[in-house]
Every structure is written in C-alpha cells, then in structure tokens.
1. Where the centre of each part is set by its Cα atoms, how far does the stretch 141-190 sit from the stretch 1-74, in angstrom?
2. Given R₀ = 35 Å, what would the calculated FRET efficiency be for R40 paired with D72, taking r from the Cβ atoms and rounding to 0.05?
3. When only DSSP loop residues count, what trypsin sites (Lys or Arg not before Pro) in the stretch 1-107 have their Cβ near at most 15 other Cβ atoms within 10 Å?
4. Of all alpha-carbon pairs in the stretch 14-74, indicate the percentage at a distance above 16 angstrom.
5. For the charge dipole of the stretch 43-192, defined by +1 on Lys and Arg C-beta atoms and -1 on Asp and Glu C-beta atoms about the Cα centroid, which residue among T149, G165, P47 has the Cα displaced farthest towards the positive pole?
6. Angle, helix 67-77 long axis vs. longest principal axis of the chain, Cα atoms, 0 to 90°, nearest 10?
7. Under the definition of Cα pairs under 8 Å and six or more residues apart, what whole-number percent is the relative contact order of the chain?
8. With only Lys, Arg, Asp and Glu charged, each at its Cβ (+1 for the first two, -1 for the last two), find how big the charge dipole of the chain is about the Cα centre; round to the nearest 20 debye.
Amino acid sequence: VGDRELALKYLGEFRGQLENMYGAEARTAVFVALGETVRRHEIPMKPFDDLIRAFEQDQTVDRYETFEQVVDYCTRSADPVGRIVLYMCGYRDDERQRLSDKTCTALQLINFWQDVRRDVLERDRVYLPGEDLKRFGVTVEQLREGRVTEGFRKMMRFEVERTEGMFAEGRGLLPLLKPVYRKQIALFGKGG
C-alpha cells in the first residue's frame, strides 16, 4: 500500500481474520474457503501466521547484517509455503519439513539474488548480508547504480554457491514422497 503503518494495520486485521477462522468464525469468502482446506488437511495456524509475520517484517526491516538473519527471515517468508504443501500431501514429520525448508529458503534466496538492484531501487531493501557486502567490498550505492565489479561478481558467486548447496540438500525430500507428489514438488526446486 506504500505506507508502512497502514500496511501493518492491514496485516494486523488479516491476522485477526486468520485467528477468527481458526476459531470457526470465518467472516470472508477467502477465509471460509481456506478454513475448509485447513480442516480437511489439519493444517496448523503457525505457517499462515509466520507468513503474516514475514510481511510485517518487510515493513520494519530493510537491511540484514548476517546471512543467518536473512535465513531466519526465510523461515517465515518461504518455508511456511512448503510446509503447507506437505500438510496437504499428508506429511507432518520433522525430517520432510526440514528438507522442504532447505528448498524453500533456497528459492527465496535465489529470488533475492536475482532482484538485488530492483529491491534496492524500488523498495530500498537489501537482502545481501551486510557482512558479505563488507567482505567483498560492495556498497549499497554501487547496487543502486548497477555497477558490477569483480568484488560484486565474487560475492554473487559466493551467495549462489551456498544457495545451490541448500537446493542439493532439499532434493533429499523427493525420495521420501509418494510418487504421485514427486514430480510436482520437484518442479519447485527445478524452477529455482
């Protein structure tokens, strides 16, 4: 909505609608439909709440100092999506969720790495960890200008390689799925 305070207000209202739905008091068509899906697949509220928390974080945080902070953000912005998919497939165990989280975090990171300039220009957001910017001698101003240096190339290679490792680990999920789900879920990782 272009106004952080208003966005936070709307997200609070959205959370209220989510809580109402889990209390069997859905009031909008979207939450009535979602409620039916949630009940059918026994999906807990946490992944939906985590997504709202990520949207709230987007309104209050625009820089991350460490890679761990970026990955922590992904636990709310990306991982819940994979967990919801697993719940809908009938899986609830920690190991499958952990492997799904690897793929979902990697997908979110790849999105960040491909949108570096757009994020800084359009949203004044930088997901590249500050510690890595310093390590490779890259500045936010350089990102704004689209100036590609050898330091920038090395940093991006470093970020992509560690993200590729997450994709590789996440592929361990596929043999743990029923064949009927493997192809569709494999597409997520292949898309990244």
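Every number in this text was worked out from the coordinates using simple rules, so none of it is lab data. As the structure is a computational prediction, the values presented were derived from the model and not from experiment. In this analysis, Cβ positions are derived from the backbone assuming ideal geometry, glycine residues included, and neighbour counts consider all displayed protein chains.
1. 25 Å
2. Numbers: r = 31 Å, r/R0 = 0.89.
FRET efficiency, R40 to D72: 0.65.
3. Details: sites: R4, K9, R15, R27, R39, R40, R53, R63, R76, R83, R92, R96, R98, K102; in loops: R27, R92.
In loop regions of the stretch 1-107 (DSSP not H, G, I, E or B), the sparsely surrounded trypsin sites (Lys or Arg not before Pro) are R27, R92.
4. Working: 939 of 1830 pairs.
Summing the P(r) of the stretch 14-74 above 16 Å gives 51 percent of all pairs.
5. G165
6. Tilt of helix 67-77: around 30 degrees.
7. On the way: 193 pairs, mean separation 37.4, N = 192.
The normalised contact order for the chain reaches 19 percent.
8. Here the chain has a charge dipole of around 720 debye.
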